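Enquirer: Please read through the structure below; I'll follow up with questions.
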Amino acid sequence: MSRGDMAKPLLGHRSTEGDPSITPAAGRTIGVLGSGDFARSLAIRLVCSGFKVVVGSRNPKRKASLFPSAAEVTFQAEAVKKTDVIFVAVFREHYSTLCDLADVLAGKILVDVSNNTEINHHKESNAEYLASLFPACTVVKGFNVVSAWTLQSGARDGNKQVLICSNSQEAKRTVAEIAQVMGFTPVDMGCMSSAREIENIPLRLLPAWKIPIFLALGLFLCFFTYNLIRQVIHPFIREQKNKLYKIPIEVVNTTLPCVSYVMLSLVYLPGVLAACSQLYYGTKYRRFPDWLDQWLQHRKQIGLLSFFCAALHAVYSLCLPMRRSHRYLLIETAVKQAMEKKMSIWVEEEVWRMEIYISVGIIALGLLSLLAITSLPSIANSLNWREFSFIQSTLGFIALVISTLHTLTYGWSRAFDENQYKFYLPPTYTLTLLVPCTVIIAKVIFSLPCIQHRLLRIRRGWEKGRYVKFVLPSATGEYSSGETSSNV
């Protein structure tokens with residue numbers, strides 16, 4: 001990257017006037033030890049946020065061209081002398097090279113931004129190791145969960161949270177003010193013992209997606225095996241026909257909508273179970289079982305995987321006529337029609353069924369796209385609570401209903417055709433209707449005024465069996481107090 005590019009960072013200067021909580025941090029001098037990618041991005045962000053930046057390097061003349069012109073690049077010892085807050089942007093194995101600066105670093109705040117290459121690679125965290133090397137300094141763990149790209153492009157294009165921990169409250173407050181001026185949201189994670197967990201966070205690959213992905217894979221394998229038996233194995237055993245060519249496209253395309261449809265219903269099923277629990281116990285303060293609580297927390301990921309499968313299903317469906325096997329079957333049908341001297345094979349019912357089936361499917365995919373887009377943090381943050389709830393809850397349920405219509409129009413009257421029950425196994429789409437129809441019926445029941453009113457009262461704090469005081473007039477005209485159950 002050229003010096004000119006570094007001098008013109010992506011972020012513009014953000015004024016902090018009028019915000020008393022972050023004004024004290026603006027304008028102070030911040031030190032950065034290191035000249036790697038993260039150190040350069042950090043220096044750019046600090047300069048754009050109104051800080052004076054001093055970069056300490058072992059080769060300042062060679063590294064100066066990599067930093068913005070507003071940042072001063074000098075030797076490490078000189079940089080340390082000019083500031084009280086220093087970002088240590090070097091690897092753990094290079095901490096020992098800073099030991100010669102121990103006397104100059106005494107009393108300074110060191111912000112450790114390093115990460116490991118493996119989870120729990122060392123017995124102690126990098127921040128604790130740094131604190132042991134410099135006992136006269138105050139070490140704060142922070143900014144390690146923020147990428148170099150986020151520092152340059154801005155918090156709107158990445159995670160806004162900065163996790164901070166230290167044994168000094170004053171040091172945490174100082175670093176938190178700096179993070180706020182930079183446009184991030186500081187999160188206090190407690191004392192230095194939390195540094196080990198903070199350093200493990202960037203090393204975990206999609207931790208919130210583990211259960212939803214395994215769920216989607218499990219459903220895919222189940223439905224794929226079921227469809228394989230019906231579409232490939234059954235013709236081979238009963239009719240000695242080789243249908244293996246159907247596996248890459250047709251069997252997969254039959255499986256994907258099943259997974260998507262069931263996954264979409266699993267987004268709203270835990271809400272139904274939670275409502276049933278609240279109605280049964282008559283309170284919202286009773287803790288849900290751990291499995292239900294985990295289920296509720298993974299609904300976003302399950303919904304996005306549902307959209308992913310639906311999008312793949314749409315692409316696969318568009319590719320069906322492009323297959324050579326489809327062309328052969330089409331020509332074979334035309335030849336048979338000509339030999340039998342049939343002028344037309346038009347079936348009005350089938351034409352209308354397919355038209356409705358495709359139209360409803362397009363609408364369902366469109367609603368799923370809307371749900372997926374609004375689940376992105378950048379979009380969700382621009383919506384208020386009522387707008388987000390309407391899209392994710394109301395439109396999501398409508399998407400489930402339309403997906404059900406899509407499935408029903410696909411099956412039509414074939415569910416009653418005995419030829420569809422191969423090996424006495426029902427068609428796949430009939431199995432997928434079980435969970436979604438249960439959710440839809442439950443939602444309809446909950447919308448009844450008597451149940452809806454009771455559920456609304458519970459979610460507003462009403463509890464069954466709780467006693468409340470009341471006042472009634474006595475025979476003498478005086479008022480007497482008493483108690484009654486709130487569920488009367």
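Enquirer: Which residues, taken from region 366-405, are of a type outside the set (Gly, Ala, Ser), within 18 Å of the chain's Cα centre (by Cα) and outside any helix (DSSP H, G or I)?
Expert: 376, 381, 383 - these are the residues of region 366-405 that are of a type outside the set (Gly, Ala, Ser), within 18 Å of the chain's Cα centre (by Cα) and outside any helix (DSSP H, G or I).
Enquirer: Just to be sure I understand the filter: pairs with C-beta atoms under 6 Å, separated by 6 or more residues or on different chains, first member in region 321-341 and under 19 Å from residue 249 (Cβ atoms), second member of a type in the set (Lys, Arg) and part of a helix (DSSP H, G or I). Which pairs pass?
Expert: Once the first residue is under 19 Å from residue 249 (Cβ atoms) and sits in region 321-341, no partner that is of a type in the set (Lys, Arg) and part of a helix (DSSP H, G or I) comes close enough.
Enquirer: Moving on. Residues that are at pLDDT 95 or above, among the hydroxyl-bearing types (Ser, Thr, Tyr) and assigned by the TED database to the domain that holds residue 50, at least 1 per element: which strands (runs of 3 or more DSSP E) completely within region 129-207 meet that?
Expert: 138-141
Enquirer: A follow-up question, please. Within region 1-53, can you find the residues that are of a type in the set (Val, Ile, Thr) and modelled with pLDDT under 90?
Expert: Those that are of a type in the set (Val, Ile, Thr) and modelled with pLDDT under 90: 16, 22, 23.
Enquirer: Is it the case, given these coordinates, that residue 134 is under 25 Å from the mean Cα position of the chain (by Cα) and of a type outside the set (Val, Ile, Thr)?
Expert: When the stated conditions are applied, residue 134 does not pass them.
Enquirer: Anything in region 50-83 that is out of contact with any Lys or Arg (no Cβ under 6 Å at 6 or more places or on another chain), open to solvent by less than 50 Å² (accessible area, probe 1.4 Å) and of a type in the set (Gly, Ala, Ser)? List them, or say none.
Expert: Answer for region 50-83, where residues must be out of contact with any Lys or Arg (no Cβ under 6 Å at 6 or more places or on another chain), open to solvent by less than 50 Å² (accessible area, probe 1.4 Å) and of a type in the set (Gly, Ala, Ser): 50, 56, 64, 71, 77, 79.
Enquirer: Moving on to the next point. Quick one: which residue in 462, 412 is among the aromatic types (Phe, Trp, Tyr) and part of a loop (DSSP other than H, G, I, E, B)?
Expert: 462
Enquirer: Checking the conditions here, which among 383, 370, 405, 376 is in contact with a Leu (Cβ under 8 Å, 6 or more places away or on another chain) and either at pLDDT 95 or above or farther than 19 Å from residue 254 by Cα (or both)?
Expert: Only one candidate passes the filter, namely 370.
Enquirer: Can you tell me how many residues within region 101-113 are open to solvent by 10 Å² or more (accessible area, probe 1.4 Å) and either of a type in the set (D, E, K, R) or in a loop (DSSP other than H, G, I, E, B) (or both)?
Expert: Residues flagged as open to solvent by 10 Å² or more (accessible area, probe 1.4 Å) and either of a type in the set (D, E, K, R) or in a loop (DSSP other than H, G, I, E, B) (or both) within region 101-113 amount to 5.
Enquirer: Additional query: Checking residue 411 against (1) over 22 Å from residue 349 (Cα atoms); (2) modelled with pLDDT of 90 or more; (3) surrounded by 15 or more Cβ atoms within 10 Å (Cβ to Cβ): exactly one of these is not met. Which one?
Expert: Condition not satisfied by residue 411: (1).
Enquirer: Here's a follow-up. So which pairs qualify, if the first residue must be in region 68-81 and over 17 Å from residue 28 (Cα atoms) and among the aliphatic types (A, V, I, L, M), the second must be open to solvent by less than 80 Å² (accessible area, probe 1.4 Å) and assigned to a strand (DSSP E or B), the Cβ gap must be under 8 Å, and the two must be at least 6 apart or on different chains?
Expert: Partner pairs satisfying both residue conditions: 77/56.
The values are calculated or read from the model by the stated rules, or taken from the named source; none is laboratory data. Just so we're clear, the structure is a prediction, and the values are computed from it rather than from any experiment. No Cβ is skipped: glycine too gets one built from the backbone with ideal geometry, and neighbour counts run over all protein chains shown. SASA here: full protein model, heavy atoms, side chains in, ligands and nucleic acids out. Shrake-Rupley method; radii C 1.70, N 1.55, O 1.52, S 1.80 Å.
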